[in-house]
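K.L.:
I have a structure here, written as structure tokens, and I will follow up with some questions on it.
The values are calculated or read from the model by the stated rules, or taken from the named source; none is laboratory data. Note that the structure is predicted; figures quoted are calculated from it, not measured. When we count neighbours, we look across all protein chains shown, and the Cβ atoms used for this are built from the backbone with ideal geometry, even at glycine.
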Amino acid sequence: MSNMTSFSLLSRILHWMMAIMILGMLFVGVFMASTVGPEYHRLMTLHRPLGIAILLLAVVRLANRLCSPPPLLSAELPSTMRFAANASHISLYALMIAMPLVGWGMLSAGGYPIPLWGQSMLLPPILPHNPVLWARLRATHTVLAFLLFGLVLLHISAALFHRLILRDGVLQSMLTRKSRCDGALDSDRMSGR
Ligand code: HEM
Ligand code: HEM
């Protein structure tokens, strides 16, 4: 069990950097899928390396989380809320890893070359050429993108709920070195306890 009260600097840097990258990828993906011509290729040239960078950073982040466990949520929170927080974090990790793998697998099954940077650096195919598999993975990529977007919206709502209603220092622990205890004391002071 962890007795830390704030996220480590590396956890915070990874969290905010990846939040910007993932939100960017969701919008780039939607614009890309609804465009044709040179604009489509420009967005695709951005989508592939950014997606692979998210995959690599997600692995680093998972390892970092195992080495430096996150602060515990307050024991005063109902167990259903703590369960929901843990389940949503696990699902976010699963999607951060599954989305790029499905994208990479989709292009492999479609038999497309997968340039990462310019035309010289190609990613190897991870699946055999198979048009039926390509179609399934193409649909899966869209469904997972909707799921990820929905979860991120719920996650942001939960962060704002902690900040504005519970005032328990959870958002501060992801923003600064300020501990959750300090946040809880702030909230006690505000409520006159
Ligand atoms: C976290 C990582 C990723 C996110 C959030 C993401 C998100 C998206 C979204 C939202 C779409 C549009 C879906 C639709 O409107 O149907 C899309 C399409 C696509 N993505 Fe990704 N993606 C990621 C990683 C990747 C990777 C790593 C690759 C390939 C190496 C990839 C390849 C594609 C392709 C080929 C399309 C279809 C474009 C088309 O319609 O022609 N994606 N992605
Ligand atoms: C694509 C966007 C985002 C993703 C994928 C994401 C993912 C995650 C994950 C996996 C965690 C668990 C801690 C960890 O292992 O790093 C977490 C924690 C947290 N995130 Fe995000 N996040 C995103 C955006 C945001 C935004 C925009 C906010 C603020 C409005 C936010 C606030 C927080 C807070 C306060 C925590 C700590 C929650 C706790 O300890 O229970 N996140 N986030």
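K.L.:
Considering only region 133-140, I want to know if a residue exists there that is in contact with a helix residue (DSSP H, G or I) (Cβ under 9 Å, 6 or more places away or on another chain), more than 16 Å from ligand 2 (Cβ to nearest atom), of a type in the set (Gly, Ala, Ser) and modelled with pLDDT of 95 or more. Outline the logic, then answer.
P.N.:
Within region 133-140, the first condition is being in contact with a helix residue (DSSP H, G or I) (Cβ under 9 Å, 6 or more places away or on another chain), and the residues that meet it are 133-138, 140.
With the extra rule that they be more than 16 Å from ligand 2 (Cβ to nearest atom), the set shrinks to 133-138, 140.
With of a type in the set (Gly, Ala, Ser) added as a condition, the list becomes 135.
Keeping just the survivors that are modelled with pLDDT of 95 or more gives 135.
Within region 133-140, one or more residues are in contact with a helix residue (DSSP H, G or I) (Cβ under 9 Å, 6 or more places away or on another chain), more than 16 Å from ligand 2 (Cβ to nearest atom), of a type in the set (Gly, Ala, Ser) and modelled with pLDDT of 95 or more.
K.L.:
Can you find a residue in region 64-81 that is of a type in the set (Val, Ile, Thr) and either away from ligand 2 (no atom under 13 Å from the Cβ) or at pLDDT below 95 (or both)?
P.N.:
Yes; the residues of region 64-81 include at least one that is of a type in the set (Val, Ile, Thr) and either away from ligand 2 (no atom under 13 Å from the Cβ) or at pLDDT below 95 (or both).
K.L.:
Taking region 34-48 on its own, how many of its residues are loosely packed, with under 15 Cβ neighbours inside 10 Å and either hydrophobic (A, V, I, L, M, F, W, C) or within 16 Å of ligand 2 (Cβ to nearest atom) (or both)?
P.N.:
Count: 2.
K.L.:
So residue 24 passes all but one of these: (1) under 20 Å from residue 117 (Cα atoms); (2) exposed (fewer than 15 other Cβ atoms within 10 Å of the Cβ); (3) touching a residue at least 40 places away in the same chain (Cβ under 8 Å); (4) within 14 Å of ligand 2 (Cβ to nearest atom). Which condition number does it fail?
P.N.:
Condition not satisfied by residue 24: (3).
The rows are residues; the columns are (1) within 11 Å of ligand 1 (Cβ to nearest atom); (2) modelled with pLDDT of 95 or more.
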| residue | (1), (2) |
| --- | --- |
| 130 | no, yes |
| 143 | yes, yes |
| 148 | yes, yes |
| 158 | no, yes |
| 173 | no, no |
| 176 | no, no |
| 183 | no, no |
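K.L.:
Also: Would you point out which residue out of 139, 145 is more than 19 Å from the chain's Cα centre (by Cα) and under 22 Å from residue 28 (Cα atoms)?
P.N.:
None of the others qualify; the one that does is 139.
K.L.:
Still on this structure: So residue 123 passes all but one of these: (1) closer than 28 Å to residue 153 by Cα; (2) surrounded by fewer than 17 Cβ atoms within 10 Å (Cβ to Cβ); (3) of a type outside the set (D, E, K, R). Which condition number does it fail?
P.N.:
(1)
K.L.:
Scan region 51-72 residue by residue and report those that are surrounded by fewer than 16 Cβ atoms within 10 Å (Cβ to Cβ) and of a type in the set (A, V, I, L, M, F, W, C).
P.N.:
56, 59, 60, 62, 63, 66, 67, 72
Condition check ((1) part of a helix (DSSP H, G or I); (2) farther than 30 Å from residue 169 by Cα) across all residues:
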{"position": "47", "(1), (2)": "yes, yes"}
{"position": "57", "(1), (2)": "yes, no"}
{"position": "60", "(1), (2)": "yes, no"}
{"position": "73", "(1), (2)": "no, no"}
{"position": "80", "(1), (2)": "yes, no"}
{"position": "88", "(1), (2)": "yes, no"}
{"position": "94", "(1), (2)": "yes, no"}
{"position": "98", "(1), (2)": "yes, yes"}
{"position": "107", "(1), (2)": "yes, yes"}
